[in-house]
Amino acid sequence: MYVSVNIVAFGNERDGFSEDNQPPSLIESYLGRSALVSQIDSSLSACQVRSPVFTEYQACVFGNVRLVVHDCPVWGIFDSDWYTSRSLIGGADIIVIKYSVNEKNSFQELKDSYVPMIKKTLNHCSVPVIISAVGARKNGVPCTCPLCTSDRRSCVTTSEGVQLAKELGATYLELHTLNDFYIQKYFGGVLEYFMIQSLNQKSSEKMKKRKKTQKCHRVQPPQLEQPEKMPILKGEASHYDADLHNLLCCCQCADVAFYPEDLSTVVEAHKIILCAVSHLFMLLFEVKRPTDIQDASIVQMAQSLFAVEAGGALPPAPDGVSPVRVLVKDSVFCSCLPEILHFLYSGAFQWERLEEDIKKKLKDPEKMEHVLEKVKCILKTPGKLNTVKECRPRQMKQLCNTSLRLFFNTPVLADVIFKIQGATVPAHRAVLVARCEVMAAMFNGNYLEANSILVPVYGVSKDTFLSFLEYLYTDSCCPASILQAMSLLICAEMYQVMRLQHICELYIITQLQSMPSRELASTSLSIVSLLKKAKFHNSDCLSTWLLHFIATNYLIFSRKPEFQDLSVEERNFVEMHRWPSSLYLKQLAEYRNYIHSQKCHCTVM
């Protein structure tokens with residue numbers, strides 16, 4: 001099998017002569033004059049309509065080395081066929097870049113357009129590059145006067161060629177003519193030096209490959225199989241907006257009743273939800289004062305649209321809540337109030353759907369625009385907009401604040417107080433009922449808590465319960481540690497909030513997966529204790545994952561005292577799925593004994 005050397009030459013070293021007077025190219029001259037080259041064969045490998053893209057030459061050098069040269073005089077190959085040019089550079093052992101010193105425009109195009117492409121390709125390999133400046137400058141010796149630019153305009157100076165070579169890490173050559181000296185001894189000597197280097201490198205790689213093949217016949221160490229994949233825990237989609245919307249549909253814990261002027265119909269709602277959406281409702285229900293709002297348009301709209309009747313609290317509902325009566329002065333707006341409330345309770349983001357619903361109900365474009373402008377004013381954030389007309393539908397999500405975070409752990413509008421570890425935590429029944437089914441049954445059923453303002457909480461710490469309530473209000477959860485996440489998981493299981501339980505499971509898994517082996521070996525956190533708690537509180541996903549985690553890190557956990565606390569069934573599972581397996585450790589011990597015996601064997605005796 002022949003060893004080969006691949007050379008790729010780019011660029012046109014000829015001056016702008018007529019076609020009949022074209023001198024031989026640099027590559028042709030070298031192949032024809034070099035004493036090393038024999039059995040030359042040239043063929044046109046690829047061509048365009050008028051001019052060849054590259055010419056391929058094949059020859060023998062050094063007796064039995066196959067030489068393959070691709071001569072690409074047209075730089076357009078990088079523009080028309082980037083894949084071919086990149087393949088040529090990738091397979092090259094030596095790259096030659098040639099240009100005429102009398103073609104300044106061509107050199108500038110090479111420097112600005114094509115050298116960056118070559119540099120980008122050469123980043124992935126180390127290939128020697130030879131830059132050949134061919135020809136004698138027509139206007140003689142370049143003028144060194146800083147005011148004279150005649151040479152710089154027509155010819156490529158030596159300093160420009162050297163600078164180009166520095167950019168590419170190349171060897172720079174000036175070939176004034178293509179005679180025997182410049183071709184054979186000057187250019188040929190450098191080229192053949194790099195050819196010998198390439199052959200030596202290939203020979204060295206071949207020897208290494210042969211030695212590696214020979215080593216394969218020796219006894220190889222046992223192969224360590226990959227650990228068994230642990231189960232993947234999938235998160236549960238949020239249903240925060242749906243929970244609040246369902247609260248409006250079932251009307252549990254409603255504490256607001258909207259009436260038209262003729263008192264013909266009633267629409268129930270909840271102060272806490274309305275105030276979380278709108279500053280206008282905060283002003284209406286005295287959560288904020290006009291001096292706090294500092295927006296005359298909101299104050300004026302609240303006064304012109306609604307009126308809270310003094311002493312207008314209705315008789316307590318079956319759940320013990322006394323709704324406040326609110327008169328809606330605008331009859332057209334009041335007729336669309338159910339649709340507007342559905343929009344507000346759904347997160348105030350479905351503006352297009354609200355427009356469709358009001359359009360179907362009113363049938364009158366002017367009335368429809370009248371109602372929508374009032375809704376925009378309800379959603380207006382003080383100081384954000386000068387006029388209501390500037391509020392576009394796509395800005396609704398940015399303008400309104402549907403987060404209940406403002407009312408978390410505050411006595412404002414609170415109608416229930418939890419007593420826990422000697423401290424009190426205010427809350428709102430409407431939020432609790434909407435977000436937690438256990439709370440809904442507790443406050444609406446035949447339980448003591450249904451008619452009590454003060455509700456005691458047992459079996460949970462204050463910090464854990466506050467984190468639980470924060471999730472109900474904000475739909476977000478950020479445990480500070482694995483232990484806190486486990487406590488919150490237990491609380492979520494107690495109140496049957498499954499999504500929060502899954503969030504805590506995912507947090508624990510993520511934290512444990514990110515622990516380095518050294519930290520896992522030295523931590524005081526008991527993984528077996530977490531496993532027991534997860535099983536006791538019906539966290540099947542987490543308990544299954546923790547068992548796989550212990551098995552995957554068998555060498556770490558088997559040395560810990562807590563490993564003995566595993567049940568017989570758990571121990572059997574871990575031993576069956578352990579990594580590394582006992583078979584691998586046995587094979588590894590046998591291999592080490594074999595290597596040790598080979599090293600201790602006396603080669604002389």
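Compute the distance in nm between two label points, each set 7 Å from the Cα along the Cα-to-Cβ direction, one at Cys60 and one at Met515.
Rounded to a tenth, the inter-label distance reads 7.0 nm.
Can you list the aspartates and glutamates whose alpha carbon is less than 18 Å from that of Lys359, not counting same-chain residues fewer than 8 positions off?
Within the straight-line cut-off, Lys359 pairs with Asp330, Glu339, Glu369, Glu373.
Can you send over the carbon and sulfur percentage of the accessible area for segment 497-556, probe radius 1.4 Å, protein chains only? Display every interim value, and only then the final one.
On the way: 1470 of 2660 Å².
So the carbon and sulfur contribution to the accessible surface is 55 percent.
Taking the Cα centre of segment 471-605 as the origin, how large is its charge dipole in debye, to the nearest 20, when only Lys and Arg (+1) and Asp and Glu (-1) carry charge on their Cβ atoms? Spell out each step's value before the answer.
Working: 12 positive and 11 negative charges, 110 e Å.
My answer is approximately 520 debye.
Excluding residues fewer than 8 places away in the same chain, name every one of the lysines whose C-alpha is closer than 28 Å to that of Lys111.
Lys98, Lys119, Lys120, Lys138, Lys166, Lys185
Express in Å², to the nearest 10, the accessible area of His342 obtained by rolling a 1.4 Å probe over the protein heavy atoms while all chains stay in place.
His342 exposes around 70 Å² with every protein chain in place.
Find, among the chymotrypsin sites (Phe, Trp or Tyr not before Pro) in segment 432-487, those assigned to loop by DSSP (not H, G, I, E, B) with at most 11 other beta-carbon atoms within 10 angstrom.
The qualifying sites are Tyr458.
Which three extents, in angstrom, do the Cα atoms of segment 442-501 have along their principal axes, listed largest first?
37, 20, 17
Averaged per residue, what accessible surface does segment 458-605 expose to a 1.4 Å probe, in Å²?
On the way: 8040 Å² over 148 residues.
Averaged over the residues of segment 458-605, the accessible area is 54 Å².
The values are calculated or read from the model by the stated rules, or taken from the named source; none is laboratory data. Note that the coordinates shown come from a computational prediction; the quantities given were computed from them, not determined experimentally. Cβ: placed from backbone, ideal geometry, glycine included. Neighbour counts: every protein chain shown. Side chains are part of the model used for accessible areas, which takes the heavy atoms of the whole protein and leaves out ligands, DNA and RNA. Shrake-Rupley method; radii C 1.70, N 1.55, O 1.52, S 1.80 Å.
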